[in-house]
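Only the coordinates and a few stated rules stand behind these numbers; no lab work does. Note that this is a predicted model, so its numbers are computed, not measured. Counting neighbours? That spans all protein chains shown, and the Cβs are built from the backbone with ideal geometry, glycine included.
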Amino acid sequence: MKVTVVGAGNVGASCADSISYRGIASEVVLLDIREGFAEGKAMDIMQCATNTGFNTRVSGVTNDYSKTANSDVVVITSGIPRKPGMTREELIGINAGIVKSVADNVLAHSPNAIIVVVSNPMDTMTYLTLKATGLPKNRIIGMGGALDSSRFRYYLSQALDKPSNDVSAMVIGGHGDTTMIPLTRLASYNGIPVSEFLSEEELAKVAAATMVGGATLTGLLGTSAWYAPGASVAYLVDSILNDQKKMIACSVFVEGEYGQNDICIGVPCIIGKNGVEQIVDIALNDAEKAAFAKSADAVRNMNADLKSVLA
Ligand SMILES: NC(=O)c1ccc[n+]([C@@H]2O[C@H](COP(=O)([O-])OP(=O)(O)OC[C@H]3O[C@@H](n4cnc5c(N)ncnc54)[C@H](O)[C@@H]3O)[C@@H](O)[C@H]2O)c1
Ligand SMILES: O=C(O)C[C@H](O)C(=O)O
């Protein structure tokens, strides 16, 4: 199985590293516009093979899409990241043009690929990719919820002082500092509601930390995060290529689910060889419904800025 990762920067390279380290695909192509950069990242990753024991072939190319031909999955990470103090939404001006041209190039060489969109503002870039390519909605998946959910589980595990893998929790809604919805009511520690162990105040703190998880890391690092984003993409790609049918919160095109239409937003999805195989439309309580409607409005407003790119 072949995966192309467009953008060999922090997230793209980390994603290629995670996919090859875990043997998820037989071939990974990294593509970047910076001369020699993807080639260098690919060579560095390949030189891990004997120490970590993987057999994935990783190669890098400078803007040569012919080398990406017939990819099963294409991950788009090209574009600029935010700096401390910025929101993801501020990246739209530069990233929309990049993502659109990349999506056109990708499709010309891999007409059957499933596309995973990572570039920010991710929900809007996912919507743009869907509209610009005209691909069926099951083949365009925005990655954000997998990362936000892993951060939610991390913060819960810190508050519980227990391992993250014993915690089950999901974040839905937009992938933005104010649009994420950590589903605290449904989070559990080994099947037991977390509210049995943490006070309302502690849970509110965990939810707030989750929502600004990306901003916190950007403040510490000077640019946005990459290890957990790369690993989250690999987790999603694994479910596609190996038809695992995992339930993962992804930004997908909704048509009536959660009371919304004509936007891409984070909802629980069954992810398998056909991409998005099902949207799991669970019953939210009134507060969660209100939060989802507000999040959807913000995502919809952002999409309005795409008019000139999609014209
Ligand atoms: N969805 C998420 O959960 C999530 C997580 C982390 C980062 N991101 C986003 O991913 C994007 C990349 O972040 P990063 O930290 O890897 O940035 P980065 O600057 O390290 O890497 C971006 C790379 O894209 C390349 N690039 C730019 N234009 C290109 C084009 N037209 N074709 C091919 N490559 C091109 C650049 O040369 C660069 O190497 C940002 O928009 C960031 O906000 C999203
Ligand atoms: O925070 C960012 O800007 C990057 C990414 O969306 C993240 O959540 O790490």
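The one condition from (1) more than 17 Å from the chain's Cα centre (by Cα); (2) at negative phi; (3) outside any helix (DSSP H, G or I); (4) not aromatic (Phe, Trp, Tyr) that Glu90 does not meet is (3). Put simply, of Gly214, Gly174, Gly191 the only residue that is within 16 Å of ligand 1 (Cβ to nearest atom), of a type in the set (Gly, Ala, Ser) and either without any contact (Cβ under 8 Å) to a residue 24 or more places away in the chain or touching a His at 6+ places or on another chain (Cβ under 9 Å) (or both) is Gly214.
Leu107 falls short on exactly one of the conditions (1) over 18 Å from Gly9 (Cα atoms); (2) within 16 Å of ligand 2 (Cβ to nearest atom), and that condition is (2).
Only one of the listed residues (Asn138, Asn95, Asn112) is surrounded by fewer than 21 Cβ atoms within 10 Å (Cβ to Cβ), out of contact with any Lys or Arg (no Cβ under 6 Å at 6 or more places or on another chain), polar (S, T, N, Q) and assigned to a helix (DSSP H, G or I). That residue is Asn138. Count of region 45-84 residues, restricted to those that are within 14 Å of ligand 1 (Cβ to nearest atom) and without any contact (Cβ under 8 Å) to a residue 60 or more places away in the chain, is 8.
Listed here are the residues, each with its yes/no results for (1) more than 16 Å from ligand 1 (Cβ to nearest atom); (2) surrounded by fewer than 21 Cβ atoms within 10 Å (Cβ to Cβ); (3) among the polar types (S, T, N, Q).
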position: Trp226; (1), (2), (3): no, yes, no
position: Ala234; (1), (2), (3): no, no, no
position: Asp262; (1), (2), (3): yes, yes, no
position: Gly266; (1), (2), (3): no, no, no
